[in-house]
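I have placed the structure first, in the form of structure tokens, so that the comments after it can refer back to it.
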């Protein structure tokens with residue numbers, strides 16, 4: 001139920017980039033396939049390094065499964081690269097695929113905490129190339145620590161691969177990790193055969209493609225997983241030649257299974273690979289029709305998740321060690337700043353307030369020039385280990401991170417000419433009291449603007465930011481707030497729980513929300529929100545909107561409602577949440593909006609779940625349209641919509657089936673800041689007309705009713 005503020009306009013930056021096509025034979029990884037008992041467990045995991053040569057050679061490039069990308073360090077030793085496996089693992093093998101800048105002396109080490117290290121391999125006569133090392137050790141973290149280098153450059157790895165077993169089992173699970181996960185496809189034969197039907201757990205629904213080659217179906221597991229098995233339940237339209245592929249980014253794919261003699265039916269495949277995304281990629285059909293799968297099932301090496309996984313937490317703060325956030329609420333200075341109707345209070349301090357919905361921007365009258373800069377005073381000399389920049393669309397293409405003891409003489413500890421905007425995590429080492437972003441080439445015609453500029457390290461004079469609530473564990477089972485709507489017929493919503501919200505609404509809606517005239521209990525356990533054709537408040541239609549503002553606010557947990565929606569052109573029922581700071585004057589969308597459920601009465605076979613924030617809102621919100629499980633008409637019965645929300649993201653569910661996953665790390669890396677780590681309140685309403693649902697017409701029934709059986713909030 002997005003709100004659009006009159007007169008507010010947003011600049012959009014379109015980032016150019018190459019579209020990568022993975023052609024057969026184009027890229028050959030120089031590794032040896034591990035035995036099934038020793039799967040690759042490092043690919044796609046969080047990697048950090050002592051330094052990076054530039055933004056084009058990050059630590060993550062050594063664990064992305066792509067032998068055409070690499071990590072490279074600064075031109076000195078010692079240097080190290082480490083990977084966080086996410087859980088304690090038994091390590092049996094490490095493969096180092098060196099670029100020409102290799103290490104002659106290095107150790108391979110493991111650690112339980114990223115601080116105390118145990119050496120499992122050491123050498124002083126490294127030869128470069130591909131070094132396949134048999135090791136024996138255990139730990140959550142594995143690193144290669146180079147102490148001597150072979151060239152005048154630094155050290156550089158195409159790939160750093162760790163093999164072993166996690167979770168103490170080492171076996172292949174039986175649970176279907178693809179069940180209910182977001183699925184997409186190259187094409188669909190019709191809307192009756194969507195990609196989601198292949199991962200819904202029903203052997204009576206299917207995905208079916210267009211009748212051409214190639215075609216593919218992929219599923220997003222939500223985080224990097226160790227993939228050990230795939231089951232394909234083909235319909236009669238099967239794949240004769242196809243591959244099963246894995247990827248960390250849905251762009252570069254690695255084949256873990258290939259055949260040219262597929263026979264259809266049910267194929268149970270044993271595979272070995274790691275990725276967040278898994279797809280079946282068909283290159284030759286077995287019939288004149290397309291490709292069609294009743295079910296696409298995935299098994300993981302850790303036994304498979306009992307609930308859909310989420311992305312691993314972002315890499316800031318750095319794993320292990322004693323580094324902490326040093327820049328919070330510290331004094332800041334910039335080349336220029338803006339504070340006007342287009343960017344209110346976009347001052348330097350806003351980049352260091354730990355508030356992702358406020359930002360610094362260079363002045364629109366004097367600051368859209370090069371260079372542009374902003375620095376923070378850490379209060380005392382500090383050892384810098386990491387800088388995190390969350391860019392507004394006005395980002396820097398070329399910039400340096402610099403340190404200084406006095407804000408006069410600056411030393412560069414990181415430099416790039418290929419900045420891409422959004423979230424950039426920079427592992428750089430330096431010492432100073434002041435840290436500066438010094439931009440020399442803008443990525444857009446606008447100036448420079450940062451939502452967040454975070455500095456991590458040791459020393460300084462840090463101020464601890466406010467503590468965040470603990471993440472719930474799902475399924476959350478402690479009921480912390482509810483309304484069961486069990487009042488007598490005709491009774492009104494409980495004023496101790498709900499605030500009635502009269503008015504005209506937004507988005508060119510045509511109803512007037514009355515002061516509680518359109519909401520009553522039905523005496524059978526439901527609240528009835530009724531839209532009527534009647535005049536009030538200068539409008540020809542009335543309806544109802546109510547919220548829990550200033551009565552109940554929540555941060556994290558499972559928020560759910562059981563709702564029966566109305567059918568009819570122009571009707572727009574919604575169950576959603578607004579950031580509680582909206583009530584104290586912060587305008588939309590800076591406060592954040594979470595749309596758990598929206599349905600358009602003109603098509604009650606579909607629902608919507610969407611997030612709105614300063615960088616993505618209105619028609620550009622971050623969300624998904626989906627069909628109900630089993631193709632149900634949502635107006636024919638009650639359905640349970642829910643969001644499971646923690647500091648890593650949100651999982652939206654309809655009748656227990658996951659319909660949309662919003663990962664904090666993904667949003668920050670691709671859309672903009674995540675503005676949902678604070679309290680929100682709950683809203684129920686039934687809108688009439690407007691930009692999104694379209695107009696009412698002669699077929700729209702009045703009165704129309706939205707029925708709510710309950711609203712419940714769970715934590716642990």
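Working ranking of peptides 495-502, 248-255 by packing, defined as the average number of other Cβ atoms within 10 Å per residue, highest first, is 248-255, 495-502. Computed from label points 7 Å out along Cα-Cβ, the spacing between residue 54 and residue 431 is 2.9 nm. Based on Cα contacts under 8 Å between residues 6+ apart, segment 46-166 shows a relative contact order of 37 percent. Looking only at segment 369-407, which residues have a backbone nitrogen under 11 Å from a spot 7 Å from the Cα of residue 440 in the C-beta direction? In segment 369-407, the label zone of residue 440 (backbone N under 11 Å from the point 7 Å along Cα→Cβ) covers 371, 398-401.
Of 336, 151, 473, the sequence from fewest to most neighbouring Cβ atoms within 10 angstrom is 473, 151, 336. Ordering 479-491, 288-300 by mean Cβ neighbour count within 10 Å, with the highest value first, yields 288-300, 479-491.
Descending by average beta-carbon neighbour count within 10 Å, the peptides 511-520, 707-716 line up as 511-520, 707-716, the highest first. Dividing the summed helix terms, -39500 (n - 2.57) for each DSSP H run of n ≥ 4, by the number of residues in the chain produces a 222 nm estimate of 0 deg cm²/dmol to the nearest 500.
Given a cut-off of under 8 Å on Cα pairs at least six residues apart, what relative contact order in percent is computed for segment 617-716?
This gives 15 percent for segment 617-716.
Short-range pairs are left out: with C-alpha atoms under 8 Å and at least six residues apart, the relative contact order of the chain is 11 percent. By the count of neighbouring beta-carbon atoms within 10 Å, fewest first, 625, 653 end up ordered 625, 653. Treating r as the C-beta distance of residue 255 and residue 191 and R0 as 41 Å, the FRET efficiency rounds to 0.85.
Each of residue 412 and residue 138 was given a label point 7 Å from its Cα along the Cα-to-Cβ line. The distance between the two points is 4.7 nm.
Bear in mind these aren't lab numbers, they're just calculated from the coordinates by the rules spelled out. Small disclaimer: the values here were computed from a predicted structure and weren't measured. Counting neighbours? That spans all protein chains shown, and the Cβs are built from the backbone with ideal geometry, glycine included.
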